[in-house]
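Colleague: I have a structure here, written as structure tokens, and I will follow up with some questions on it.
The values are calculated or read from the model by the stated rules, or taken from the named source; none is laboratory data. This structure is a prediction, so every number in the text was calculated from the model and none was measured. Here the Cβ positions follow ideal geometry from the backbone for every residue, glycine too, while neighbour counts run over all protein chains shown.
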């Protein structure tokens, strides 16, 4: 495939502070792809379900490189649902960038280059999309990849604890427990984690504390 002709539907490209994962706080360029087959109840990027503009891989890499930032995250929507995303990722790696990928966990990561830092969601019951997780992603993940569970309730927390104990305990992966912003108090989730002595990372969406949580392009 040719980067001059391969194109993807892009909702936005912007420069901000990484708000999630163990890389939170780092300057990062975000490439948000359009479209997602999931409809999580807490989704904060519903505007990326459709629309956007068609851009070639070459245009995207040029726009990202113009920011002069060494870290880039491919997000969505669900980026792995678009043909051509692997070529985009490969082109960004060839440009010397560190590449992160945020994925909903319902698509296999088999085609994603191993050196990419993948943040893989596992959907909890209250998301409305429980059962969509592709279990082979557990075996395909590299040691530097991370798993994220977004928690809407105590029920979600209990489910997440069981998932961690069954599938991720003892693994090299960073495991992120993230409260739905404005729904679960961070202090409550912190208390549950401490009470159970779980070796997971409490993740807050940092950008929603730096800027208004309704702001786009942050």
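Colleague: Working only within the range 167-176, note down all residues that are crowded, with 17+ Cβ neighbours inside 10 Å and farther than 27 Å from residue 16 by Cβ.
Modeller: 168
Residue-wise test of (1) closer than 18 Å to residue 22 by Cβ; (2) exposed (fewer than 14 other Cβ atoms within 10 Å of the Cβ); (3) out of contact with any helix residue (DSSP H, G or I) (no Cβ under 6 Å at 6 or more places or on another chain); (4) in contact (Cβ under 8 Å) with a residue 12 or more places away in the chain.
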residue: 126; (1), (2), (3), (4): no, no, no, yes
residue: 165; (1), (2), (3), (4): no, yes, yes, no
residue: 178; (1), (2), (3), (4): yes, no, yes, yes
residue: 187; (1), (2), (3), (4): no, yes, yes, no
residue: 207; (1), (2), (3), (4): yes, no, yes, yes
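Colleague: Given the conditions (1) at pLDDT below 95; (2) under 18 Å from residue 138 (Cα atoms), report the number of the one that residue 168 does not fulfil.
Modeller: Condition not satisfied by residue 168: (1).
Colleague: Identify, by number, the condition in (1) within 19 Å of residue 30 (Cβ to Cβ); (2) in contact (Cβ under 8 Å) with a residue 60 or more places away in the chain; (3) in contact with a helix residue (DSSP H, G or I) (Cβ under 7 Å, 6 or more places away or on another chain) that residue 152 doesn't meet.
Modeller: Of (1) within 19 Å of residue 30 (Cβ to Cβ); (2) in contact (Cβ under 8 Å) with a residue 60 or more places away in the chain; (3) in contact with a helix residue (DSSP H, G or I) (Cβ under 7 Å, 6 or more places away or on another chain), only one is false for residue 152: (1).
Colleague: Give me the residue from the range 148-172 that is in a loop (DSSP other than H, G, I, E, B) and under 25 Å from residue 208 (Cα atoms) and, out of that set, nearest to the chain's Cα centre (by Cα).
Modeller: 152
Colleague: When the residues of the range 189-205 are narrowed to those that are surrounded by 13 or more Cβ atoms within 10 Å (Cβ to Cβ) and free of Cβ contacts under 8 Å to residues at least 24 places away in the same chain, which ends up farthest from residue 46 (Cα to Cα)?
Modeller: 193
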